[in-house]
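*Asks:* The following block contains the structure, expressed as structure tokens.
What follows is calculated from the coordinates using simple rules that are stated; it is not laboratory data. No experiment lies behind these values; they were computed from the predicted model shown.
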Amino acid sequence: MTTDPTTDSPDVPTPDDVLALGAEAVAELQAATDLDALDAVRQTWMGKKGRLSLVKRSLGKMDPETRKAVGQAVNTVNADFGRTESARRTTLELERDRVVLAAEAIDITLPPRVPTRGSLHPLRQTLDAILDVFVGLGYEIVTGPEVESDWFNFDALNTQMDHPARTLQDTIYVHGLTEAPKRDDGTTGMLLRTQTSPMQIRTMLDNDPPVYVAIPGRVYRQDTPDATHVPVFHQIEGLAVDTDLSLSDLYGTLMAFARALVGEDVKLRFRPHYFPFTEPSAELDAWVPDGQGGGKWMELLGSGMVHPNVLRAGGYDPEEVQGFAFGIGIERTAMVRYGVPDLRLFADNDVRLLSSF
Ligand code: DAH
């Protein structure tokens, strides 16, 4: 602080002294790096014993002329100080908030728990694919009872009393269910259907010709499980009855099924066979390559032209209509389709196998 030669007191500051003090204070405000430092600067200059406060207080002791000039400088410095301080405060507050927000931030996101997605069982996929083919050919899909009377399962299907399939060896009889009349051989007449074929009879009894139906379902036999047999398995029965059907219609239908399910290049064998309910009868086999140049034939289905006795049991006149029928093994078809060598694998429910389809 210099002394003004025009005043008598060496302690009275000149306006320039005040402005210089103001510049110094503003520089300190701008240099403050946090809010505490800023408050300290305010205290140094504007507090009770602050350097600018002292100047202000000394104004009262100046002569009017000097007071006016110094007072103006004090006002300027006051205004500068206020403006600078508030701008600096805003900046430092924003800075503080940014640091606090960053430090206290909580990540409320979690890695998503992706639910494991199931898929349809390969047998169900195969069943759906087979039904798609027959729906495309104009067939209606129907289902029927698994507990069946032996009249529907055997008699009506032209299966004589002495047919080996009727003995307890193959058929699982249901004792205690007496819907069908008791028979001479002592059976109750109720059984777990051994085939979906009884639905041929139920369909004919319920509908006038023409009929084109596909009947998926579970069937039961007293079989010891091995690679190609299980006691519970699935079939799709097909029945077409119309006024002008021949063996070539059956053949064309079965080719369409096999190509759609196994592939256009599937190697097939249509081979004569015997079934009580069809005449003539045939089985369709598909070649399953073993990947080493060899392979084996796998039976996919039984089929034939519907026997006149079966048409009669269904209430139809064999002189007026003909029909063809077939029973597709769904497990067998899936084995060929997916190259699964043992059909027991479909029932094991090992997810490692099931999730690969
Ligand atoms: N029901 C026969 C079986 O389970 C399969 C069968 C053969 C069905 C010939 C038919 C058919 O409709 O015409 O072995």
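*Asks:* Each residue of region 65-70 in turn: what ³J(HN,Hα) in whole Hz from Karplus with 6.51, -1.76, 1.60 and θ = phi - 60°, glycine and Pro shown as x?
*Replies:* 4, 5, 4, 5, 5, 5
*Asks:* Which of rounded, prolate or oblate describes the chain when judged by the alpha-carbon gyration tensor and an a/c cut-off of 1.5? Working shown, then result.
*Replies:* Working: a/c = 5.45, a/b = 5.17, b/c = 1.05.
Judged from the Cα gyration tensor, the chain comes out prolate (a/c at least 1.5, a/b above b/c).
*Asks:* Suppose only helical runs count, i.e. DSSP H with n ≥ 4. What mean residue ellipticity at 222 nm does that imply for the chain under -39500 (n - 2.57) per run, divided by all residues and rounded to the nearest 500 deg cm²/dmol? All intermediate terms of the calculation are to be shown ahead of the outcome.
*Replies:* Numbers: 12 runs with 145 residues, N = 357.
Taking each H run of at least 4 residues, the total per residue is -12500 deg cm²/dmol.
*Asks:* Just to be sure I understand: of the beta bridges DSSP finds with both ends in the chain, what percent are antiparallel, rounded to 5? List each step's numbers first, then the result.
*Replies:* Numbers: 46 of 48 bridges.
If I count the DSSP bridges inside the chain, around 95 percent turn out antiparallel.
*Asks:* Averaging sequence separations of C-alpha pairs under 8 Å and six or more residues apart, then dividing by the length of the chain, give the relative contact order as a whole percent.
*Replies:* Working: 549 pairs, mean separation 49.3, N = 357.
With pairs under 8 Å counted, the relative contact order is 14 percent.
*Asks:* Let me ask another. With viscosity set to 1.567 mPa s and temperature to 4 °C, compute the Stokes-Einstein D of region 15-104, Rh being the Kirkwood radius across alpha carbon pairs; µm²/s, no decimals.
*Replies:* 92
*Asks:* Can you check how the C-alpha radius of gyration of region 185-284 compares to 2.2 N^0.38 Å, as a plain ratio? Could the numbers behind the result be given before it?
*Replies:* Details: Rg = 15.8 Å, N = 100, 2.2 N^0.38 = 12.7 Å.
With N residues counted in region 185-284, Rg over 2.2 N^0.38 Å equals 1.25.
*Asks:* So, one more: Taking amide H positions as placed 1.01 Å from N in the peptide plane, with prolines and chain starts having none, which residues 5 or more places from T278, or on another chain, fall under 5 Å of its amide H?
*Replies:* H307
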